[in-house]
Structures are given as structure tokens and as C-alpha cells.
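Worksheet: the structure to be examined is printed underneath.
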Amino acid sequence: MRKTLLLPASALCAALFALPHAQAAQEIQLWHSMQGASGAEIERLVGQFNAAQAEYRVAAVYKGSQEQTLAAALAERKHASGPDLVQVNDAGTADLMAGKDEVRPLWQVMSEAGHPLDAKVVPAVADYFSDAKGRLLAMPLNTATPVLYYNRDAFKRARLDPSKPPKTWYEMPKTLGALQESGSACPFTTAFPSWVLLENMSAWHNEEFATHQNGMDGSGARLAFNGQLMVRWIAMLSSWLKSGYFAYSGRGNEAEARFASGECAVLTSSSASYGELREHAKFDLGVAQLPYYDDFRGAPQNTLGGGGALWIMSGRPKADYHGIARFLAFLARPEVQAEWHQKTGYAPLTMAAYELTRQQGFYAKYPGYEVAMRQLVYKPPTGESKGIRLGHLRNIRNIIDEELEAVWGGKKTPIEALNMAVSRGNEVLERLAKRHGG
């Protein structure tokens with residue numbers, strides 16, 4: 001069943017901009033963890049909505065890190081206070097949903113408020129935040145996917161064609177070797193290793209990361225990524241590390257600074273980093289599709305739309321839900337989504353916003369943004385590529401990073417590290433299952 005999200009334009013405009021009788025505006029609290037360009041943009045959009053009508057006033061409040069924002073919202077929820085809307089990252093989604101009556105489904109709130117969801121969404125962006133019937137549980141907000149960045153000037157120095165970056169991982173060693181021979185001390189590095197190297201590589205090859213459709217079809221999921229794909233992949237990276245082709249930069253986005261400085265020539269990282277990298281890189285920046293193994297029948301599939309969404313908290317006054325629905329209907333408008341996409345680098349929610357961005361000529365000027373979108377819409381998502389909905393996912397990512405570091409440090413073989421990551425991660429899931437009664 002295909003999910004939909006927008007109102008007809010005439011009905012939406014009437015609903016959004018009809019001014020009510022003079023009265024005090026009902027305040028809607030939105031707690032988030034965005035800073036920089038994305039934080040400024042959400043503030044601008046909130047201001048635009050508030051200026052367009054007088055019945056509701058949305059207050060966007062920065063609450064710190066993603067973990068701090070969610071923890072603060074849940075703590076206030078116990079006292080029947082706190083936000084109406086809260087931004088929650090994908091790593092916290094399953095934990096939020098495991099709580100009893102913490103949130104209300106987006107589709108339900110929108111329907112009850114007279115704003116039925118009726119526009120075609122980008123499947124790989126929306127599927128992760130949808131239920132088994134394809135109904136949106138939350139509104140995706142800051143979603144992105146990993147892409148390949150490369151230094152076109154470094155390619156030229158290595159006598160490589162900058163218009164033809166490697167399409168497969170089998171083509172990559174020749175490229176990295178040429179970069180090394182031309183003077184690059186760091187041919188290739190990556191940011192966010194667990195998310196890029198394991199989660200998205202699994203989805204991109206239509207391979208299972210965890211059972212039960214990566215946890216999307218309910219409880220009982222267990223990690224299962226220690227198969228042929230990952231053993232081959234981590235073994236290849238380990239060999240590149242020993243030959244000087246690959247350099248480990250850390251668990252977060254530390255690799256981006258090394259790439260932007262020109263130290264590293266090739267980088268895998270979030271598509272949302274394109275704008276910042278373009279601003280800081282002192283070289284001709286290239287963006288390409290994430291490579292894949294062409295001898296896996298399911299590849300390429302689609303990459304994951306990872307990131308966060310706006311969740312509607314339960315237990316709020318009825319009037320708040322009407323205001324929330326109007327605000328989210330405003331955010332879902334094609335022109336608003338297109339502008340959000342273009343100014344922040346995050347993926348738009350709807351296909352209409354994607355098409356509008358193309359019609360406006362944005363991709364012709366900044367083709368890197370469309371690379372990410374093409375990956376997300378490459379094929380309809382499968383059970384292995386909709387998303388990864390596991391409790392304590394952040395802890396599991398830390399475990400994976402620790403085990404990968406044991407490989408990079410020569411302390412474990414790839415298969416030993418992958419088996420241990422699966423075993424340790426499953427212990428986390430089993431403890432969580434016992435705590436929640438299965």
C-alpha cells in the first residue's frame with residue numbers, strides 16, 4: 001500500500017491561511033536537536049507558519065543532542081508536560097515506540113484534524129517511519145543517505161578521469177592505488193562506519209542486517225549481518241588498510257574534516273554533508289553513487305534514508321493536535337519540502353518536492369544532491385532495505401564500531417569481529433526483550 005501525505009493545494013491553502021477570530025494563539029512546543037543551517041531553517045519555517053495564521057503559534061526549542069532531546073521529552077511526558085512535537089533520530093525510534101502510549105501516530109492525528117494524508121512520498125524516506133499498513137507514524141524531517149565524495153583535482157593528478165569514479169568496489173583498488181602513487185597519504189576514508197559500512201551496505205545489496213525484516217515487522221529480531229557480504233567487505237577494507245589505501249578516522253564525522261582539508265581523496269559519508277563540504281573544500285568536489293559488488297544479484301537495491309522525524313507526543317490537549325496537524329500539513333507542502341531539501345541537504349519527503357526541485361534547476365547546478373535521491377528511489381524498498389528498527393540501536397552501533405576497531409588494529413580477523421558484534425548485539429536485544437516482556 002503506498003503512503004500519501006499532502007492535501008489538495010486549494011484545500012490546504014484555505015486551511016492554513018484562513019485567519020480565525022481574534023484570540024490568544026494556542027502554543028505548540030517543538031523540541032529539536034538541530035543547529036547550524038538546519039536549525040536556522042526550521043526556525044525560519046516556524047516563523048513563516050506563525051506569520052501565516054493567528055490561531056496557533058509553534059515554538060521551536062533547541063534541547064541539545066539527539067539523546068538529550070529525547071530523554072528530556074520522555075522525562076517531561078511523565079509529568080504530563082513537555083513538547084507536542086519532538087525530533088527523534090532513527091537510533092531512538094524503536095526505543096520510543098517501545099514505551100507505552102508515548103506517541104500518537106501521525107496518520108491518525110492528521111485524519112482526525114481533517115488533513116488526510118494524500119500525496120506520494122519518497123518510499124525509502126517514509127518507509128522506516130511507517131507501520132505495517134504503510135501509514136506514517138511520524139513525519140521524516142532530517143533524513144539523508146551515504147554517498148561517495150571524491151577530490152576531482154586529486155583524480156586529475158593521479159591521471160584518473162574525474163567524470164568516471166568507480167562504480168563497483170572491485171574497481172576501487174585500481175583507483176586508490178593510483179591516488180596513493182600520485183602522493184595521497186589517505187586515498188579513502190569513511191565517516192559513521194556502522195551506518196555506512198554495515199547498515200547501508202546491507203540495504204544497498206538487499207542483504208539482511210537483522211531478522212524479522214531488520215526489526216520492521218515487530219519484536220524478536222536478532223542481528224544477522226555476519227554473512228558472506230560483510231565478511232568479504234570488511235576483509236577487503238582490512239587489506240586496504242594494510243596497503244595504505246584505507247584510513248580509519250573515527251566513529252563520527254571526523255573523516256569529513258580530513259577529506260575537506262585535502263588529506264583524504266575519497267570519502268563515504270552522509271549526503272546531508274554535501275553543502276558543508278562544498279563550502280569548505282579547497283578543490284573541485286565530486287559526488288558519486290555509493291559503489292557496490294556487482295556479483296550480488298540484489299545489488300544495487302536502495303540505500304537507507306537514515307535520520308530523524310517529528311513524533312507527536314500523546315496526552316496533549318485536543319486543540320494542540322489540530323494545531324500540530326496544520327503545522328505538519330504546512331511542512332508537507334511541495335514548495336516547503338523542496339526549500340528544506342535545497343537549504344539543508346536533507347531528503348524531501350514527497351516525490352512532488354523532488355520533481356519541483358528538478359524543475360527549478362537545482363540539480364543542474366548542484367548535481368550531488370540528486371545522486372542521493374537517485375539512490376533512495378533506485379528500486380522500491382524491500383524488507384531488507386526499508387530501514388533498521390532495533391531497540392538500543394545506538395548501543396549496537398557502538399558495539400559494531402568497537403569490533404571494527406579491533407579489525408583495524410589487527411587484533412581480530414573480520415569474521416571474528418563480525419561474529420562477536422552479532423553476539424554482543426543480540427545480548428542487548430535479548431535483555432531488552434526480557435525487560436519489555438518479549
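The values are calculated or read from the model by the stated rules, or taken from the named source; none is laboratory data. Small disclaimer: the values here were computed from a predicted structure and weren't measured. With ideal geometry, Cβ positions are generated from the backbone for all residues, glycine too; neighbour counts draw on all protein chains shown. We work out accessible area using only protein heavy atoms, side chains counted, and drop any ligands, DNA or RNA first. Shrake-Rupley method; radii C 1.70, N 1.55, O 1.52, S 1.80 Å.
For segment 131-184, just the Cα set please: Rg and Dmax, both in angstrom.
When restricted to Cα atoms, segment 131-184 yields Rg and Dmax of 18.4, 54 Å.
Counting helices only, and only those DSSP H runs with n ≥ 4, report the 222 nm mean residue ellipticity of the chain as the sum of -39,500 (n - 2.57) divided by its residues, in deg cm²/dmol to the nearest 500. Write down the numbers at each step before the final one.
On the way: 20 runs with 195 residues, N = 438.
After summing the helix terms and dividing by the residues of the chain, the value is -13000 deg cm²/dmol.
With all pairs of different alpha carbon atoms counted, what Kirkwood hydrodynamic radius in Å does segment 40-94 show? Before the final figure, lay out each step's value.
On the way: mean 1/r = 0.0790 Å⁻¹.
Roughly 12.7 Å, rounded to one decimal.
Using a 10 Å cut-off on Cβ atoms, rank the peptides 24-37, 175-188, 259-272 from the highest mean neighbour count down. The partial results should precede the final answer.
Working: 24-37: 17.4, 175-188: 19.2, 259-272: 23.5.
Ranked by mean Cβ neighbours within 10 Å, highest first: 259-272, 175-188, 24-37.
Express the C-alpha Rg of segment 41-146 as a ratio against the empirical globular expectation 2.2 N^0.38 Å, rounded to two decimals. Intermediate results must be reported in sequence, preceding the final value.
On the way: Rg = 14.7 Å, N = 106, 2.2 N^0.38 = 12.9 Å.
Taking N as the residue count of segment 41-146, the ratio is 1.14.
Dividing the alpha-carbon Rg of segment 353-411 by 2.2 N^0.38 Å yields what? Let's see the in-between values first.
Numbers: Rg = 18.1 Å, N = 59, 2.2 N^0.38 = 10.4 Å.
Normalised Cα radius of gyration, segment 353-411: 1.75.
If you count only protein heavy atoms and use a 1.4 Å probe, how large is the accessible surface of residue 44, to the nearest 10 Å²?
Here the residue's solvent-accessible area equals roughly 80 Å².
How about segment 287-335: which trypsin sites (Lys or Arg not before Pro) there are in a DSSP loop, with at most 11 other Cβ atoms within 10 Å of their Cβ?
On the way: sites: 297, 318, 326; in loops: 297.
Here the trypsin sites (Lys or Arg not before Pro) that fit, given the DSSP loop and packing criteria, are 297.
In square nanometres, what is one fourth of the surface area of the convex hull spanned by the alpha carbons of segment 170-288?
On the way: hull surface 32.8 nm².
Mean projected area of the Cα convex hull: 8.2 nm².
When only alpha-carbon atoms count, how far does segment 100-225 stretch along each of its three principal axes, as whole angstroms with the largest first?
So the three principal-axis extents are 62, 33, 22 Å.
When the accessible area of the chain is computed with all protein chains present and a 1.4 Å probe, what percentage of it is carbon and sulfur? Please list the in-between numbers first.
Working: 8860 of 17630 Å².
The nonpolar share, carbon plus sulfur, comes to 50 percent.
So what is the accessible area of the chain per residue, in Å², with the probe set to 1.4 Å? Provide the component values of the computation, followed by the final result.
Details: 17630 Å² over 438 residues.
Roughly 40 Å² per residue, with all protein chains present.
Using the Cα atoms of the chain, I'd like the radius of gyration and the largest Cα-Cα distance, Dmax, both in angstrom.
For the chain, the Cα-based Rg and Dmax read 22.0, 72 Å.
Over all Cα pairs of segment 113-154, how is the pair count split among 5 Å bins, expressed in % and running from 0 up to the last occupied bin?
Result, from short to long distances: 5, 16, 23, 17, 11, 7, 7, 6, 4, 2, 1 percent.
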